[in-house]
Ligand code: GLU
């Protein structure tokens, strides 16, 4: 049996954009008879919160989504990430980085035309001994970066088709000691046997970095489907300020989770406006090849 997943970060309530991505991840998995896992990405305890986690899981259930096995929390899997980082360190594939955000910005603009936009310019990979010593004397906390040695990777996304994207010296462990998102996601997908990653297309550009990490860790590359986001009428990513965007907001207006599901299904061309269907019924109508590539632009107060 194949395995799909949804991996929310418990940093707030799920809104209709997150719920639509969750529904799509579930539909991709169930339409293929795959298992479906939920993983809570709560490594960043500055922003992750147990109350949000419980609320997010309750909202997934409320729109009729189910999952296999227990929900996994990244915060309980630190040894796995540490072990993967240790393997990369032992392979001589890492270096410490003490750059501040500002230094990275400045170095990137100074290297304009040489380093691809958005790439870490490799400053700490090339530091001479004196500069290294100077930074160490300042007591700067160090992040750990991958020495990627690869500039780009092309893969075929199930929604976007062939996509070529940047691979740079991605952070593996942040300078506060927390394993970085790109590392954790690759380790988890490999460990959980995830074969298909369905997520918002804001993450499309991080996929080449993750595929490179998977290669280095000798993990199979999962398939990817990056699905279009939900945007507000201002063209910005859906957020609280756009109006009634969460299930709780909608309930306060007298709208049931089943009707919210109906809006989501309608936006995907899977239902007529107001038609009430369960996710199981939507599976029969779901065809991944006809999924829109464009974002769903919506004013939540006009729904
Ligand atoms: N936790 C990420 C988010 O909520 C998703 C990561 C992923 O699906 O790979 O945006």
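The values are calculated or read from the model by the stated rules, or taken from the named source; none is laboratory data. Quantities reported herein were computed from a predicted structural model and do not represent experimental measurements. Because the Cβ atoms are built from the backbone with ideal geometry, glycine has one as well, and the counts that use them run over all protein chains shown.
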With respect to the numbered conditions (1) touching a strand residue (DSSP E or B) at 6+ places or on another chain (Cβ under 6 Å); (2) crowded, with 19+ Cβ neighbours inside 10 Å; (3) touching a residue at least 40 places away in the same chain (Cβ under 8 Å), which one is the sole condition not fulfilled by residue 142? (2)
Could you tell me which numbered condition residue 120 fails, if it satisfies all but one of (1) outside any helix (DSSP H, G or I); (2) surrounded by fewer than 18 Cβ atoms within 10 Å (Cβ to Cβ)? (2)
In this structure, is residue 125 free of Cβ contacts under 8 Å to residues at least 40 places away in the same chain, surrounded by 12 or more Cβ atoms within 10 Å (Cβ to Cβ) and touching a strand residue (DSSP E or B) at 6+ places or on another chain (Cβ under 8 Å)? no
Which condition number does residue 185 fail, the rest of (1) crowded, with 19+ Cβ neighbours inside 10 Å; (2) over 30 Å from residue 86 (Cβ atoms) being met? (2)
In the range 14-43, what count of residues is obtained for those that are surrounded by fewer than 18 Cβ atoms within 10 Å (Cβ to Cβ) and touching a helix residue (DSSP H, G or I) at 6+ places or on another chain (Cβ under 8 Å)? 1
Helices (runs of 4 or more DSSP H) lying entirely in the range 203-303 (those with 1 or more residues that are over 22 Å from the mean Cα position of the chain (by Cα) and modelled with pLDDT of 95 or more): 247-252, 257-267, 279-285
Does residue 177 satisfy the criteria of being in contact (Cβ under 8 Å) with a residue 24 or more places away in the chain, more than 13 Å from the ligand (Cβ to nearest atom) and on the phi > 0 side of the Ramachandran plot? no
Could you count how many residues in the range 158-170 are under 23 Å from residue 229 (Cβ atoms) and crowded, with 16+ Cβ neighbours inside 10 Å? 7
When only residues in the range 185-203 that are more than 8 Å from the ligand (Cβ to nearest atom) and out of contact with any strand residue (DSSP E or B) (no Cβ under 7 Å at 6 or more places or on another chain) count, which is nearest to residue 163 (Cα to Cα)? 186
